[in-house]
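K.L.:
Structure incoming, see below.
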Amino acid sequence: MLVLISSLVWFYLLFAHAKFWQSGPELAPATPAEFPDVDVIIPARDEAETVRPVIESLLSQDYHGRFQVILVDDNSTDQTAARAGTAPKLTVVSGQPKPFGWSGKLWALNQGVQMSSAPIILFADADVIHDARHLSSLVARLLHPRVELASEMVRLNCSSLAERALVPAFVYFFQMLYPFAKVNNPRSRVAAAAGGTILIRRTALDRIGGLDAMKNALIDDVKLAQLVKQIGPIYLGHSALASSIRRYSKFSDVWRMISRTAFTQLRYSAAFLGVAIIGLTVIFLVPAWEALFGHGWRLTLGVATTALAAISYMPTLARYHQNRLLAFTMPLIVLFYMAATVGSALNYWFGRGAIWKSRGYGADNRTS
């Protein structure tokens, strides 16, 4: 009967889960009615390979108001600060050692906030390049209709075999977990943001207690959105005006990216891990099994449900210009993500932790 349960779940997902599969909305280029001052804050740790084009794209923004870029070099072990260059609108800050209780990225962002005075703050990643119209478009969305925070899922790199196979699925699962329509609905409690681009009002940041209120969060973008949505509406969309240039050349690179925070998303709970594994098995793997090995009505239902799941993935594949037939590899993709999630839990339980930017994320150093 598991295949029947799976088909009912997919009926809900397709018709009652805020149309997450549509892969929208997308922020359109726009010019704001006014141009408030903006401070762009970039935390950077070991980003020597990407930081220069990122800074250049931000300094080239076609924004008619005052803006500046504050790069916080978070104790990099490479030439991040030197390669950022110099410019009148650029300030490079040498980050102070991370105190106990803070996650590394949030501590770097907090130092940038302390140097900032503008009423609008843009938190941007050091691997995201921006179209010249991007800042104006973000400010326009923040102002009308008014929201306290505007964020985007920037276009991720999708050139290597590992990226083509797994990166669109990362976006798809994020949409499934946090349907953008629900995030953008003030009456819904669902809240999320994507860390590559977050534009926030300083008044909103102050009202939630600043970054100090969430200083130990590893999934900091979602946590920030959850706090801000308690005081006002937020916006989350896709971006055609910003792209990540970070490469995941190998399957192991994607594995490390997933395992870094997968168990954190499950609140370090073995029970939640078990529920997640069972849920993914029933939703994605059981229909595929029945489509291959089932008989009679189970075969029919397995084929139909597998096809529905594949069709729901196709809009995301289209966004990343990938072959629609890759949608039928979803069971294999799910197995990879499940294994990486279990690996994340094992790292936590055995104290090994994940390594990201030369910094550990294990059971003993979540906040150290």
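The values are calculated or read from the model by the stated rules, or taken from the named source; none is laboratory data. Quantities reported herein were computed from a predicted structural model and do not represent experimental measurements. Cβ: placed from backbone, ideal geometry, glycine included. Neighbour counts: every protein chain shown.
K.L.:
Is there a residue in segment 130-150 that is in contact with a helix residue (DSSP H, G or I) (Cβ under 9 Å, 6 or more places away or on another chain), of a type in the set (Asp, Glu) and more than 19 Å from LEU218 (Cα to Cα)?
P.N.:
Yes; the residues of segment 130-150 include at least one that is in contact with a helix residue (DSSP H, G or I) (Cβ under 9 Å, 6 or more places away or on another chain), of a type in the set (Asp, Glu) and more than 19 Å from LEU218 (Cα to Cα).
K.L.:
Another question about this same structure. Filter segment 204-224 for residues that are over 15 Å from PHE123 (Cβ atoms) and part of a loop (DSSP other than H, G, I, E, B) and give the result.
P.N.:
GLY209, ASN216, LEU218
K.L.:
Return the residues of segment 126-153 that are aliphatic (A, V, I, L, M) and either within 23 Å of ALA204 (Cα to Cα) or in contact with a His (Cβ under 6 Å, 6 or more places away or on another chain) (or both); say none if nothing qualifies.
P.N.:
LEU135, LEU138, VAL139, ALA140, LEU142, LEU143, VAL147, LEU149, ALA150, MET153, listed by residue number.
K.L.:
So, in segment 257-287, of the ones that are farther than 29 Å from ARG201 by Cβ and under 15 Å from the mean Cα position of the chain (by Cα), which residue ends up surrounded by the fewest Cβ atoms within 10 Å (Cβ to Cβ)?
P.N.:
MET257
K.L.:
Right, next: Given the condition modelled with pLDDT of 95 or more and within 27 Å of PRO119 (Cβ to Cβ), answer yes or no: does some residue in segment 18-26 qualify?
P.N.:
The answer is yes, given that some residue of segment 18-26 is modelled with pLDDT of 95 or more and within 27 Å of PRO119 (Cβ to Cβ).
K.L.:
Just the residues that are under 22 Å from VAL167 (Cβ atoms), of a type in the set (Val, Ile, Thr) and not in a helix (DSSP H, G or I), please, taken from segment 225-261.
P.N.:
Within segment 225-261, just ILE245 meets the criteria.
K.L.:
I would also like to ask the following. Take segment 205-251 and flag every residue that is within 17 Å of the chain's Cα centre (by Cα), more than 19 Å from ASN184 (Cα to Cα) and among the small types (Gly, Ala, Ser).
P.N.:
Once the filter is applied, which keeps residues that are within 17 Å of the chain's Cα centre (by Cα), more than 19 Å from ASN184 (Cα to Cα) and among the small types (Gly, Ala, Ser), segment 205-251 yields ALA217, ALA242, SER243, SER244.
K.L.:
Just the residues that are surrounded by 16 or more Cβ atoms within 10 Å (Cβ to Cβ) and either in the same structural domain as ARG155 (by TED's automatic domain parsing) or in contact (Cβ under 8 Å) with a residue 40 or more places away in the chain (or both), please, taken from segment 305-328.
P.N.:
THR305, LEU308, ALA309, SER312, TYR313, PRO315, THR316, LEU317, ARG319, TYR320, GLN322, LEU326 - these are the residues of segment 305-328 that are surrounded by 16 or more Cβ atoms within 10 Å (Cβ to Cβ) and either in the same structural domain as ARG155 (by TED's automatic domain parsing) or in contact (Cβ under 8 Å) with a residue 40 or more places away in the chain (or both).
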